Amino acid sequence: MVQLLQQYEIWRELFSPLHALNFGIGGDTTRHVLWRLKNGELENIKPKVIVVWVGTNNHENTAEEVAGGIEAIVQLINTRQPQAKVIVLGLLPRGEKPNPLRQKNAKVNQLLKVSLPKLANVQLLDTDGGFVHSDGAISCHDMFDFLHLTGGGYAKICKPLHELIMQLLEETPEEKQTTLA
Amino acid sequence: MSQGDSNPAAIPHAAEDIQGDDRWMSQHNRFVLDCKDKEPDVLFVGDSMVQLLQQYEIWRELFSPLHALNFGIGGDTTRHVLWRLKNGELENIKPKVIVVWVGTNNHENTAEEVAGGIEAIVQLINTRQPQAKVIVLGLLPRGEKPNPLRQKNAKVNQLLKVSLPKLANVQLLDTDGGFVHSDGAISCHDMFDFLHLTGGGYAKICKPLHELIMQLLEETPEEKQTTLA
């Protein structure tokens, strides 16, 4: 979900100007992200905001385990990057029609809603996006394969995300340089 | 060894719903519905290389005006494409050109088997859509540095170069794209994950592809209506 975002125009419009880097890898689970963050991807940098979006590929784990994996990522970031404000994006619904994975992803979000407030410097951004219509269907105009977002689908998520990032960047105390390129 | 029971890559096979959201079948069903509603002049069928193309601006610029439909599904092998084409995705339509791009995901097959699977797809199209001119796109190199899959994909292309001329109404478009640099490396500016193309990467492939499609559309005898919207 993170990786593909960089391929759309919206990345260049909203996030490149904020000096953003994209460390998404397709197919990754919480385990892969944890390994990457522990093995160099948090070295030599000092980002003000870190956006985490992972969990939909954790097919071998329960919702509780997935939420725990995301919490572990946040805790790792808190340790290595104490100055960074973390935004955890909620998992999106998937599949054309209602199915068990939608319930699982929603359960992960519910669990995070309870657990994340107990951690430091992190908030959950659970944007619905309005992807699920009244008949329970998701449109291929929002998710071209009923999992990955189209440009239009990303726009629905990125608007609130961008606003939140801007808010957090403005809150950053020292270094009041203009961060916008 | 081109089709039938002797080539595993040529045996049609629907994807199983392992993850639980049945997305593969949803996508297939949507394509079958498209066949009932729409009248494409150009049909693209294959794996994620085809599917992702539709997400970039270049699709709208070059292919939408040609009344093109995109039947790509990420992860598909020759077996999946064969199954889909046999089960509705060639019904009710009469495209003038069909672009086939599949094979890079056939990890359980040898280069010979993959080439045979692609040939089986072409033969199926010849039978069901005899009026359609087929363009088979060569498999692209993959991976940041030289690796066995590059050699395998190149081997598939070599085999097709020899075998496709023996079939009717089909040509191989083996665009190099210049993706592999002199040091053997592929850039993430062309392939963001060293497999899937960026917008810039697609532009390099789509230019010659678009030219060839235009050429084939102009050669189409009857119905000399303007096909460009």
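Some observations on this one:
- Being polar (S, T, N, Q) and touching a strand residue (DSSP E or B) at 6+ places or on another chain (Cβ under 7 Å) is a property that holds for B:Gln171.
- Selection count where residues are assigned to a helix (DSSP H, G or I) and either within 14 Å of chain B (Cβ to nearest Cβ) or small (Gly, Ala, Ser) (or both), scope region A:145-170: 5
- Residues of region A:17-34 satisfying the condition of being open to solvent by less than 50 Å² (accessible area, probe 1.4 Å) and more than 14 Å from chain B (Cβ to nearest Cβ): A:Pro17, A:Leu18, A:Ala20, A:Thr30, A:Val33, A:Leu34
- Restricting B:Gly143, B:Gly177, B:Gly138, B:Gly88 to those that are surrounded by fewer than 23 Cβ atoms within 10 Å (Cβ to Cβ) and modelled with pLDDT under 95 reduces the list to B:Gly177.
- Only one of the listed residues (A:Leu101, A:Leu111) is surrounded by fewer than 20 Cβ atoms within 10 Å (Cβ to Cβ) and either within 14 Å of another protein chain (Cβ to nearest Cβ) or touching a residue at least 24 places away in the same chain (Cβ under 8 Å) (or both). That residue is A:Leu111.
- Scanning region B:186-208 for residues that are open to solvent by 20 Å² or more (accessible area, probe 1.4 Å) and within 22 Å of B:Ala111 (Cα to Cα) returns B:Phe194, B:Leu195, B:His196.
- Which numbered condition B:Leu172 misses (of (1) open to solvent by 20 Å² or more (accessible area, probe 1.4 Å); (2) closer than 16 Å to B:Val45 by Cα; (3) part of a helix (DSSP H, G or I)): (3)
- Looking only at region B:146-161, residues that are outside any loop (DSSP other than H, G, I, E, B) and open to solvent by 90 Å² or more (accessible area, probe 1.4 Å) come to 4 in all.
- Of the criteria (1) under 20 Å from B:Lys207 (Cα atoms); (2) open to solvent by 20 Å² or more (accessible area, probe 1.4 Å); (3) in contact with a helix residue (DSSP H, G or I) (Cβ under 9 Å, 6 or more places away or on another chain); (4) within 14 Å of chain A (Cβ to nearest Cβ), which one B:Trp59 fails: (2)
- The set of residues in region A:46-65 being open to solvent by 70 Å² or more (accessible area, probe 1.4 Å), part of a loop (DSSP other than H, G, I, E, B) and under 19 Å from A:Val122 (Cβ atoms) consists of A:Lys46 alone.
- Any pair with Cβ under 7 angstrom, 6 or more apart, that starts in region B:196-217 at a residue that is in contact (Cβ under 8 Å) with a residue 40 or more places away in the chain and ends at one that is of a type in the set (D, E, K, R) and in a helix (DSSP H, G or I): B:Gly199/B:Glu57
- Residues in region B:8-56 that are more than 14 Å from chain A (Cβ to nearest Cβ) and farther than 24 Å from B:Pro130 by Cα were compared, and the one that is surrounded by the fewest Cβ atoms within 10 Å (Cβ to Cβ) is B:Ala14.
- Within region B:168-205, tally of residues that are at negative phi and either within 14 Å of another protein chain (Cβ to nearest Cβ) or under 17 Å from the mean Cα position of the chain (by Cα) (or both): 24
- Condition check for B:Leu164: surrounded by 20 or more Cβ atoms within 10 Å (Cβ to Cβ), modelled with pLDDT of 95 or more and not basic (Lys, Arg): no
- Filter result (under 20 Å from A:Gln75 (Cβ atoms) and in a loop (DSSP other than H, G, I, E, B)) within region A:119-144: A:Leu119, A:Ala120, A:Asn121, A:Asp126
The values are calculated or read from the model by the stated rules, or taken from the named source; none is laboratory data. Just so we're clear, the structure is a prediction, and the values are computed from it rather than from any experiment. Cβ: placed from backbone, ideal geometry, glycine included. Neighbour counts: every protein chain shown. For accessibility, only protein heavy atoms count, side chains too; no ligands or nucleic acids. Shrake-Rupley method; radii C 1.70, N 1.55, O 1.52, S 1.80 Å.
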